[in-house]
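The values are calculated or read from the model by the stated rules, or taken from the named source; none is laboratory data. Values in this document were obtained by computation on a predicted structure and should not be read as measured data. Every residue, glycine as well, gets a Cβ built from its backbone with ideal geometry; the counts of neighbours run over all protein chains shown.
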């Protein structure tokens, strides 16, 4: 175990780096701002690596814990820690931040410092969410992280950015208010504690558990997003700049799913069992219904956004089967989705930067002009369709196999994504990439440059590594997931 | 060398070749690409042969390579199971693949995607080897999907052709429908057996013989029936059984070498291999076997009919492949797993031969694939002619050739089987013999004999059938077949050598193989047959008195006469009296239309499934997301807030006299109430 406060560093290095970048001010210093942002994000990533390498896989409890008084009057603490459930997301978040900074390198030419600062600060705040063990601390990070994303969409977004930014903000704020009420209730009932770990042990009557569960559900379902509170996501993605879409898909969607494991299941286990049917049903709607919706999208970003919702359906489905395969499969799916959807949005960004259109009908025959790009895009499209040997397969495979044991027809509905997911992914690929050169915009395309190749190459390695050898990813989860399952199996009603 | 390292070498050598040729396809010269991939596949072939000898000496192997994943109580591993079934498949795959690699040097020499092509076919070889060498369901599924991916890449190899990129997507999606069943089957195995390791599952299988699960309502289903049918749905996708066969004819859009390698000899037989591998499970469910038998019989007969009316040389062979896959499936259903594998092996040789010969004809004809434009080619392409004749004779089951031993054994096994559906299956495979002989020799006569119809300028009608090249940089006349007066020519040695090398096993492998493979102890401990419940194989063994006796006996049996009749009728129809088939086509135009539309499978799929999915997607999107959720709920609540605000806003005008006036009215109202109170 390291003696350094690694988690604090993972939170504050990007935030401080973001403030420094912000201080470079106007676009005259843009090259400096970019370099500082890159160094900041790399430094932040490096401090997260010991979290993984030094992680004790036999320990299911919290590791790298930091505990200090923050507001003693209300017993609010600066309490951080990671377990097998949250650790990988800190690493993933720091990794994706580097990708995002690199993705905006040449594309963003206006308000460069502010753009990079927003991403760095958001990265730190999201690490705060994944590591907070204090309810108020969590809530502060949870809400604060909305602001940079709101700004990213609202300032650097597309033509309809204001509508999208407002929709995104109001949707998530609506969920957060109920979440805050739930926190207050728990604070009072626990005799004045904001410690999430103590809440886990708190006995609660079934009626109250159900209200708590519903409050959490609404808050987290909006973030995931689950059907039917998902409609903000396609709009937000379409309007967001490429980097915004990458962070949104790769990290921000994981916050809600993470909330289920940190709050809903352990705090309200009886209600979770009671209402698992509802969540499973909503998850399957996300997989099937949203899959069909994705099929008919004409806008590539919308298509991938809808496919994200369908993939997140697997995550919530996996959680509420209450089996190790289900939860670990869901966690694997979350990490994998970070790589794959991030890469998909980046690929779309690569084409958008050249043609300035996201409409599938404006493309065709891109492979003739961008063979290297087409090969990499193929890999991620296949990963999106869940092809074995890519990371996209592992989570789906585990959740489907776990689901067969849970209920055959649930598995049946989930497995239908094998067909639908392949249909929307490959149909888009076919129309965009294959065929003869469709128009003069495509004719003028140039293949990806070294920077773009490096970004896609790194993501490709991550995708393949996780597909071919997922064991390092799952072995860190086992102890924590088993503890969680044991905990959830015990009733809290007294 | 240690055997386990040798096992690893078999798949990794082609993978290495594929990576060199693929990752550096833009920088390395052509000779390096084909040398490195051919060296890789040749290494795999030699290693497979050594392993084959070792297994024959009794050294089987079952063990992990690495742990892929653990979760809960489950452990998923990548590992190898090396036994006689595996080594048979390894030899077939590596040998045919090697032939196809060599052939490709000649076939693709003018194609700009030369290096990429070699990379793909080596990658395919790797995937297929991982599939057959697997010792567990998870890795089987890995290989299963990986060969599907490479098939997708290769069918769409000429990615600018609309038909090719449609066909490859269709192939992938139809296979995914099969995989959908397959993964549920794997899930059922894991849920009830607690492991995906073959050996452990098969060991426990008998315990589950009478286990039931509740799938629907109150009825209990036999666990093994549901599991086996789910697994078989996977096989139906990959091995192109009705109704999931629709992708295979379209896959002919790919270059001919891959049609031989993937869509005839190896990948499409993965489903057959899988069911044979799972014999301990399938033996526990007569219902599932019956299902397998009927599906196979339908495929064997009805796909054969379609072969009769095709005019594209590759499509004739493709429908023939479908029909032969049906034969193999029938054998599986009759519990004659070893016969299915035997036919798989003989078919791999003669069908690869027929495809490569068809490719040779296509080269000779300058990429014209329409058999109506050929004729009399035997003069110009003697090696292709002779090898094609050998392949066709083997296919129709000429006694003593390879196809005869395997196909006759299938017919016998079905005749001796008693499971439900075996009567229909017997009729189907018997009628199939005539049909096979008829379409095979129709093609043979039209291509190699009779009037020389090529080079006659009028090539307009076959534009939609045009050949393999579509790269404008290469040359234009590739599309148009032979120019007037131009003659076809024999192909270079890299093309004809594989034909000759494949013709040899097409002749002898049946004679050599039948004794040990079907009736010896070759598959002992590998393929399991419940002789009490499904005694067909035992009875078959009683009737067998050596390969020579079987061949002589066949000369007086019904299948032989049916095949002979097929050849004679096709000769009479297409050589002597070409007016008769035309008259039949006119007379029975309904049937002809039905066949030409391939029983309307494609139309129904496109209209109902593809169209239906798009309509459903539109309805969910426009109706659900846009109209209800966004329209009514999200923007509706925003509008409601806005409406309330706009009404209440009217009261806040900011004019003092409005407020004063309202106040006065209020005072009046209050006063009135106060006065009336009394």
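Just to be sure, is residue A:450 surrounded by fewer than 22 Cβ atoms within 10 Å (Cβ to Cβ) and either within 8 Å of chain B (Cβ to nearest Cβ) or under 26 Å from the mean Cα position of the chain (by Cα) (or both)?
no
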* To do: Using the structure shown, decide if residue A:88 is assigned to a helix (DSSP H, G or I) and assigned by TED's automatic domain parsing to the domain that holds residue A:242.
  => yes
* In this structure, does residue B:574 turn out to be more than 9 Å from every other protein chain (Cβ to nearest Cβ) and within 30 Å of residue B:169 (Cα to Cα)? -> no
* Asked: How many of the residues in segment A:408-441 are in contact (Cβ under 8 Å) with a residue 24 or more places away in the chain and either more than 8 Å from every other protein chain (Cβ to nearest Cβ) or assigned to a helix (DSSP H, G or I) (or both)?
  -> 22
* Asked: Which helices (runs of 4 or more DSSP H) sit wholly inside segment B:231-277 and have at least 1 residues that are at pLDDT below 90 and either on the phi < 0 side of the Ramachandran plot or crowded, with 24+ Cβ neighbours inside 10 Å (or both)?
  -> B:247-250, B:256-260
* To do: Please enumerate the residues belonging to segment A:23-46 that are more than 14 Å from residue A:96 (Cα to Cα) and buried (at least 18 other Cβ atoms within 10 Å of the Cβ).
  => A:24, A:30, A:33, A:34, A:36
* **Wholly enclosed helices (runs of 4 or more DSSP H) of segment B:579-671 bearing at least 1 residues more than 14 Å from chain A (Cβ to nearest Cβ) and surrounded by 12 or more Cβ atoms within 10 Å (Cβ to Cβ)** => B:579-587, B:589-596, B:601-604
* **Hey, residue A:403 facing another protein chain (nearest Cβ under 8 Å) and more than 22 Å from the chain's Cα centre (by Cα) or not** => yes
* Asked: Quick one: is residue B:151 outside any strand (DSSP E or B) and more than 30 Å from residue B:121 (Cα to Cα)?
  -> no
* Asked: Residues in segment B:92-110: is at least one at pLDDT below 90 and over 27 Å from residue B:346 (Cα atoms)?
  -> yes
* Could you please find all residues in segment A:280-305 being within 10 Å of another protein chain (Cβ to nearest Cβ) and under 25 Å from residue A:327 (Cβ atoms)? => A:285, A:288, A:289, A:290, A:291
* Asked: So which residues in segment A:467-494 are within 27 Å of residue A:385 (Cα to Cα) and out of contact with any helix residue (DSSP H, G or I) (no Cβ under 8 Å at 6 or more places or on another chain)?
  -> A:468, A:469, A:471, A:472, A:475
* Collect the residues in segment A:377-400 that are more than 26 Å from residue B:73 (Cβ to Cβ) and within 7 Å of chain B (Cβ to nearest Cβ), keeping them in residue-number order. => A:382, A:387
* Subset tally (residues that are more than 12 Å from every other protein chain (Cβ to nearest Cβ) and either over 19 Å from residue A:89 (Cβ atoms) or in a loop (DSSP other than H, G, I, E, B) (or both)) for segment A:477-493 -> 8
* Asked: Just checking, how many residues over segment B:61-73 are within 26 Å of residue B:88 (Cα to Cα) and either within 8 Å of chain A (Cβ to nearest Cβ) or in contact (Cβ under 8 Å) with a residue 60 or more places away in the chain (or both)?
  -> 4
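Here is a yes/no grid of residues against (1) under 23 Å from residue B:102 (Cβ atoms); (2) surrounded by fewer than 22 Cβ atoms within 10 Å (Cβ to Cβ):
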site: B:8; (1), (2): no, yes
site: B:12; (1), (2): yes, yes
site: B:16; (1), (2): yes, yes
site: B:19; (1), (2): yes, yes
site: B:37; (1), (2): yes, no
site: B:49; (1), (2): yes, yes
site: B:56; (1), (2): no, yes
site: B:75; (1), (2): no, yes
* To do: Test residue A:437 against the stated conditions and say whether it is farther than 22 Å from residue A:331 by Cα and at pLDDT below 90.
  => yes
* Structure fact -> Counting only residues that are in contact (Cβ under 8 Å) with a residue 60 or more places away in the chain and either under 21 Å from residue B:79 (Cα atoms) or more than 9 Å from chain A (Cβ to nearest Cβ) (or both), segment B:144-173 contains a total of 13
* Structure fact -> residue B:262 fails exactly one of (1) within 13 Å of chain A (Cβ to nearest Cβ); (2) touching a residue at least 12 places away in the same chain (Cβ under 8 Å), namely (1)
* Among (1) over 30 Å from residue A:120 (Cβ atoms); (2) assigned to a helix (DSSP H, G or I); (3) in contact with a helix residue (DSSP H, G or I) (Cβ under 6 Å, 6 or more places away or on another chain); (4) modelled with pLDDT under 90, which single condition is residue A:213 missing? -> (4)
* Does residue A:4 meet the test of being more than 22 Å from the chain's Cα centre (by Cα) and farther than 30 Å from residue A:192 by Cβ? -> yes
* Quick check, is residue B:178 closer than 21 Å to residue A:424 by Cβ and either more than 8 Å from chain A (Cβ to nearest Cβ) or at pLDDT 90 or above (or both)? -> yes
* Have a look at A:456, A:445 and point out the one that is over 26 Å from residue B:186 (Cβ atoms), modelled with pLDDT under 90 and away from chain B (no Cβ under 11 Å). => A:445
* Test residue B:127 against the criterion of being more than 11 Å from every other protein chain (Cβ to nearest Cβ), crowded, with 24+ Cβ neighbours inside 10 Å, at pLDDT 90 or above and under 17 Å from residue B:93 (Cα atoms), and give yes or no. => no
* Asked: Taking segment A:50-76 as the region of interest, how many residues are in contact with a helix residue (DSSP H, G or I) (Cβ under 7 Å, 6 or more places away or on another chain) and assigned to a helix (DSSP H, G or I)?
  -> 3
* **residue A:53 vs. criteria closer than 24 Å to residue A:460 by Cα, under 23 Å from the mean Cα position of the chain (by Cα) and surrounded by fewer than 20 Cβ atoms within 10 Å (Cβ to Cβ)** => yes
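Per-residue answers, yes or no, for (1) within 24 Å of residue A:304 (Cα to Cα); (2) assigned to a loop (DSSP other than H, G, I, E, B); (3) touching a residue at least 24 places away in the same chain (Cβ under 8 Å):
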{"site": "A:162", "(1), (2), (3)": "yes, no, no"}
{"site": "A:166", "(1), (2), (3)": "yes, no, no"}
{"site": "A:186", "(1), (2), (3)": "no, no, yes"}
{"site": "A:192", "(1), (2), (3)": "no, yes, yes"}
{"site": "A:197", "(1), (2), (3)": "no, no, yes"}
{"site": "A:200", "(1), (2), (3)": "no, no, yes"}
{"site": "A:218", "(1), (2), (3)": "yes, no, yes"}
{"site": "A:225", "(1), (2), (3)": "yes, yes, yes"}
{"site": "A:237", "(1), (2), (3)": "yes, no, yes"}
